[in-house]
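The values are calculated or read from the model by the stated rules, or taken from the named source; none is laboratory data. Remember, it's a predicted structure, so these values are computed and weren't measured experimentally. Methodologically, a virtual Cβ is constructed for each residue, glycine included, from the backbone with ideal geometry; neighbour enumeration extends over all protein chains shown.
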Amino acid sequence: MMALNYAILKMFTKIEEGSVDTVIESLKDHYGTFKAFNKKEIINALMTAEANGLLEESRFELDASNELKVYYRAHEEGAATINKYIKG
Amino acid sequence: MGQASVADNAIIAGRRTSEGAMSGGTTSTVTPAAIVAKKALASSFRRRGIMVALFSGLCYGFYTAFMTLGMSKGVWLQWYGENSGLSSFAVLYLLGALGAATTDTCSALWAIGIANVRGRFGDFTRCIKTKPGMVMVTAAIIGGPMASTAYVVGLQMAGSLVVPIAALCPAVGAILGRVWFKQELNSRMMMGIVICFIASFMIGSTGLGDNVPDNLMLGLFFGFVAAVCWGIEGCVCGYGTSMIDPEIGITIRQVTAGISNLFILVPVFGMIAHVNAFGMVVQSFTDPEAIIWFALAGLSAYGAFMYWYKGNAMCGAPLGMSCNGTFSFWGPFCCWIVLGVVFGIDGWVIPPIAWVAAVVMVIGIFIIAMNPMDLFRKSNEEVA
């Protein structure tokens with residue numbers, strides 16, 4: 001089992017794009033009991049990864065409940081960096 | 001990335017999606033409300049990053065004040081006294097390293113405790129043996145024992161003039177961040193860094209008296225070594241916390257710094273000084289008068305470095321490190337509050353120039369954070 005932040009980043013190297021909800025849905029079986037496994041912390045991790053060029057924003061929208069949903073993807077260089085540092 | 005460009009990106013991304021929707025590439029459309037919400041999210045993230053980085057500077061100030069207080073209580077009074085039997089080498093290097101080791105070890109214990117309470121200790125053990133974890137360990141050694149020792153030695157040799165030299169670390173970090181991690185660094189940001197450096201120089205210049213130290217140049221050289229080491233640590237660990245949670249990153253940092261100070265630096269200085277370093281370590285940790293202040297210094301150091309890493313990761317090295325660089329002001333300020341005002345110890349009053357320097361520093365940080373012309377542009381847009 002890898003650290004939560006690693007799993008989040010690694011996930012983006014395997015999918016086209018995803019939002020915080022995608023992360024929660026994909027990782028809840030393994031990380032659902034982690035205290036840091038909540039929307040606020042995951043959004044923070046995604047925005048930090050974006051600020052450092054590991055991920056890029058692909059699109060955003062307001063969902064049915066008027067909540068902002070930002071989608072991210074790992075571009076080629078970001079995915080290469082993630083795979084270089086995070087094995088597995 | 002500047003505030004304007006974050007907002008621009010939001011709009012561009014929105015347009016991209018709208019165009020995609022029109023061409024059938026995606027099913028969603030971006031409403032003006034979504035653009036407003038996205039802008040608010042981006043600016044709130046950046047604002048939090050700046051606040052976090054500034055808070056790291058304040059924590060650094062308290063870390064300095066409490067460590068200085070701890071080193072003036074109990075057994076430390078005896079060690080620094082005339083009849084301690086310690087050589088000038090031991091007083092200069094060994095006591096400095098012992099003070100740092102006691103603080104860093106207390107800080108490591110705080111970090112492990114907090115990681116446990118906040119459910120992150122498992123991730124700490126998972127991260128430390130990975131490649132990013134080892135990079136952070138290396139950066140922590142460079143920024144921990146290496147930089148701290150260079151800084152303390154520099155201070156002893158050249159006095160407070162070393163403070164502005166060490167405050168060159170944001171410039172070093174910004175340049176390395178540009179080269180290694182392709183972070184933004186433009187002429188405006190460089191100008192802001194220069195202004196912050198001038199402010200630090202104003203604070204450091206207060207230590208310039210009629211008696212110029214004999215080892216001035218060597219002391220300044222050690223100050224520069226500290227700046228390079230902290231520059232490396234700030235930019236590498238700031239980037240590292242985009243992969244590793246900052247609370248885990250700081251636990252790696254403080255455990256590494258505590259162990260390397262306690263088990264390498266102090267014994268080496270002890271051997272050179274021909275003193276029983278082990279006995280001094282035990283005394284340092286068991287002196288009830290001093291250890292309480294080292295515990296508080298350790299907690300402050302936890303905040304100083306954790307928020308430094310987090311701020312750098314959120315804002316990029318140039319802005320994050322410059323906000324943290326306000327420790328040049330917060331250091332003397334917190335020493336004045338804790339040592340001067342609370343404990344009534346003489347000699348900690350802040351000279352007026354330091355207050356002026358604090359204002360200059362804020363201007364420098366403001367220039368790094370955003371283009372002042374954007375304020376006027378925004379006003380014009382609002383009028384239009």
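Descriptive notes on the structure:
- Scanning the range A:37-53 for residues being assigned to a loop (DSSP other than H, G, I, E, B) and touching a Leu at 6+ places or on another chain (Cβ under 6 Å) gives a total of 0.
- Filtered residues of the range B:36-56 (kept if within 29 Å of B:Trp336 (Cβ to Cβ), free of Cβ contacts under 8 Å to residues at least 60 places away in the same chain and among the basic types (Lys, Arg)): B:Arg47
- Selection status of B:Pro288, out of contact with any helix residue (DSSP H, G or I) (no Cβ under 9 Å at 6 or more places or on another chain) and surrounded by fewer than 22 Cβ atoms within 10 Å (Cβ to Cβ): yes
- Checking each residue in the range A:1-32 for being over 15 Å from A:Tyr71 (Cβ atoms), small (Gly, Ala, Ser) and assigned to a loop (DSSP other than H, G, I, E, B) picks out A:Ala3, A:Gly32.
- Of all residues making up the range B:249-264, the number that are surrounded by 22 or more Cβ atoms within 10 Å (Cβ to Cβ) and either of a type in the set (Gly, Ala, Ser) or more than 21 Å from B:Val236 (Cβ to Cβ) (or both): 4
- Cβ separations smaller than 9 Å between residues 6+ apart or across chains give the following pairs from the range B:176-199 residues that are more than 14 Å from every other protein chain (Cβ to nearest Cβ) and of a type in the set (Phe, Trp, Tyr) to residues that are surrounded by 17 or more Cβ atoms within 10 Å (Cβ to Cβ) and not in a loop (DSSP other than H, G, I, E, B): B:Phe197/B:Pro164; B:Phe197/B:Pro170; B:Phe197/B:Ala171; B:Phe197/B:Gly364.
- Meets criteria (touching a strand residue (DSSP E or B) at 6+ places or on another chain (Cβ under 9 Å) and either outside any strand (DSSP E or B) or not charged (D, E, K, R) (or both)) for A:Ser58: yes
- Residue in the range B:11-21 that is surrounded by fewer than 20 Cβ atoms within 10 Å (Cβ to Cβ), assigned to a helix (DSSP H, G or I) and either more than 12 Å from chain A (Cβ to nearest Cβ) or modelled with pLDDT of 50 or more (or both) present: no
- Selection status of B:Phe285, of a type outside the set (Asp, Glu), away from chain A (no Cβ under 14 Å) and more than 23 Å from B:Val91 (Cβ to Cβ): no
- Output for the range B:253-290, where each listed residue is under 23 Å from the mean Cα position of the chain (by Cα) and either at pLDDT 95 or above or of a type in the set (Gly, Ala, Ser) (or both): B:Ala257, B:Gly258, B:Ser260
- Search result, residues across the range A:31-77 that are in contact (Cβ under 8 Å) with a residue 40 or more places away in the chain, closer than 25 Å to B:Gly119 by Cβ and at the interface with chain B (Cβ under 8 Å from one of its Cβ atoms): A:Ala45, A:Ala49, A:Leu54
- Meeting the requirement of 1 or more residues that are within 14 Å of chain A (Cβ to nearest Cβ), over 30 Å from B:Leu216 (Cβ atoms) and without any contact (Cβ under 8 Å) to a residue 24 or more places away in the chain, the helices (runs of 4 or more DSSP H) wholly within the range B:57-155 are B:95-117, B:121-128, B:131-141.
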